[in-house]
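Here the structure comes first, spelled out in structure tokens, and everything after it is commentary.
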Number of protein chains: 2
Amino acid sequence: MSDHETVPAEVDHEEEIPEDHPRYQDLLTRHRIEAGVEKGITHLQGMHAEGRGSAFDYLLGEETIPSAAAAERAAAARLLLADEPVLSINGNVAALVPGEMVQLAAAVDADLEVNLFNRTPERIDAIVDHLAEHGAEDVKGIEADARIPNLDHKRAKVDSDGIYAADVVVVPLEDGDRAEALEAMGKTEIVIDLNPLSRSPQVAEIPIVDNIIRAVPNMTEHARELEGETESTLQAIVEEFDRDEALEAAEQRIRSGRL
Amino acid sequence: MSDHETVPAEVDHEEEIPEDHPRYQDLLTRHRIEAGVEKGITHLQGMHAEGRGSAFDYLLGEETIPSAAAAERAAAARLLLADEPVLSINGNVAALVPGEMVQLAAAVDADLEVNLFNRTPERIDAIVDHLAEHGAEDVKGIEADARIPNLDHKRAKVDSDGIYAADVVVVPLEDGDRAEALEAMGKTEIVIDLNPLSRSPQVAEIPIVDNIIRAVPNMTEHARELEGETESTLQAIVEEFDRDEALEAAEQRIRSGRL
């Protein structure tokens, strides 16, 4: 890519990025991921994954398209209906939206659980500390006393009273194998992913094709607005959402959008 | 992105990546960039840029499309016609195609010059050493006793007998500001970039929209084949190449291709 070096690469604090910069969100995301790598929260490969996402976001026009907005509203409704919702946190999620995930968890009364592909005690600790700095009081995934069936690697490790027992799981920026294994367990998955053809959004009940830094605050806003609605109203919002139509709309936008 | 974690993230040597893996090239590129960051050759942001490129490559179908093949042939012809061609090397280029750049330089009798956006003596040394390990005998860009006009930052630094004096410069994975400043100096630019709408390919006389790990060996092959052809034959190959048509074809493929 050509564009990646046209702004100062070295920004110490995100406040230094001008909010009116046409590529503000992209710069902010890149800065947060880079800081995450430096703090030991994000794996180096997370930087690569984020770059990949940034290209899809560029093609989407770097905005929440209407089908994504509908998905975010349905996701909020589905989380409010859930008995034991869990928000899964990996290294990129922790780096990009730590405070935003804490707020979403509070808005829908969900647990936060750290789950890493490249799991090391140091990274788990760094992420738990980072979430605590952003207001998280109780974070699951440290004990990891249960396993997702049919999944090797350390990413199968979950808490028995966390993801293992959850009925609805939000899995942002997730790898396809894990999303499929969670689906096989019968979990209702809400996936946030910028590539509509990835396996994760393909298996999700509610796929959100949007940048996580927009998607999570949007979900929180919808949840706050929908709080207190009757179960049947929430149910209707979930049922009204058409996942295939949403995936199709995202693909359509990427094909014909800003490029 | 979902797919980024479905293969082992930790590969110590690139030989461990199975060549028949459907995503072999993408895995190889990612591994080389990661190794580059670890060796101090590549800036952390290079990992992000490479991820961005990988999404465009995915949309292109991860293959050299016909218009890119034509561009690579024209680039080889143009380099053979040049008086003082220089191949510019940044951290990603050094990590991804060190030996391939050395071979191209030999095939077209060009100089190699290190030029970094985030220039530090340590990175310059690491890259020069890395290129030497891959067969480079003489690498420019260490002295950096001249400046590209109208360009701030350390990336303006070039060698007076290198890029400053060159008539044709290959600038792969380059930032737009620098590509524009080189164009303003009257240089003939050959740009390799996976996003056809980036400013760098837009200002290039020969834009190559292809993955650098395919483009550079292809250029070398064309150069070897065209060696010994008359100046008028080479000239005809260059003139036959239509840059606007090539950019259009690449955009078309990204819109309608594999996605």
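The values are calculated or read from the model by the stated rules, or taken from the named source; none is laboratory data. Because the structure is predicted, anything quoted here is derived from the model rather than measured. A quick note on method: Cβ atoms are made from the backbone with ideal geometry, for glycine too, and the neighbour counts reach across all protein chains shown. For the accessible areas, the whole protein counts, side chains as well, though only heavy atoms, and no ligand, DNA or RNA atoms are used. Shrake-Rupley method; radii C 1.70, N 1.55, O 1.52, S 1.80 Å.
General observations
- Separation of alpha-carbon centers, the stretch A:175-192 and the stretch B:155-180, rounded to whole Å: 48
- Considering only the protein assembly as shown, percent of DSSP beta bridges that pair antiparallel, nearest 5: 10
- Note on the protein assembly as shown: lysine pairs with Cα distance below 26 Å, sequence gap of 8 or more or different chains, count 17.
- For the segment A:55-63, counting C-beta atoms of other chains within 10 Å of every residue's C-beta and taking the mean gives 4.
- Of B:Thr233, B:Thr64, B:Thr220, the residue with the greatest mean-square motion in the GNM of chain B, using alpha carbon springs below 10 Å, is B:Thr233.
- Treating each Cα of the stretch B:145-219 as an identical point scatterer and summing with the Debye formula, the log10 of I(q)/I(0) at q = 0.24, 0.26 Å⁻¹ comes to -1.08, -1.19.
- Each Cα pair under 8 Å and six or more residues apart adds its separation to the average, and for chain A the resulting relative contact order is 24 percent.
- GNM result for chain A, Cα springs below 10 Å: residue of A:Gln202, A:Gln45, A:Gln103 fluctuating most strongly: A:Gln45
- Percent of beta bridges antiparallel (DSSP, the stretch A:66-256, rounded to nearest 5): 10
- Solvent-accessible area buried by A and B, counting both chains, probe 1.4 angstrom, square angstrom: 5000
- Cα→Cβ-extended label distance, 7 Å offset, between A:Glu229 and B:Ser256, nm: 4.1
- For chain A, average projected area of the Cα convex hull in nm²: 13.1
- Closest approach to the axis carrying B onto A, counted by Cβ on chain B and given in whole Å with its residue, is B:Gly51, 1.
- Applying D = kT/(6 pi eta Rh) to the protein assembly as shown, where Rh is the Kirkwood radius over alpha-carbon pairs, T corresponds to 10 °C and eta to 1.306 mPa s, the Stokes-Einstein value obtained is 66 µm²/s.
- Rg ratio for the stretch A:87-223: its Cα radius of gyration over 2.2 N^0.38 Å, N being its residue count, equals 0.95.
- A dipole drawn for chain B from +1 and -1 charges on Cβ atoms has a positive end, and of B:Ile163, B:Ser232, B:Ala250 the residue lying farthest that way is B:Ala250.
- The stretch B:78-139: proportion of alpha-carbon pairs further apart than 16 angstrom, %: 38
- Rg/Rg_ref, the stretch A:34-105, where Rg_ref = 2.2 N^0.38 Å and atoms are Cα: 1.29
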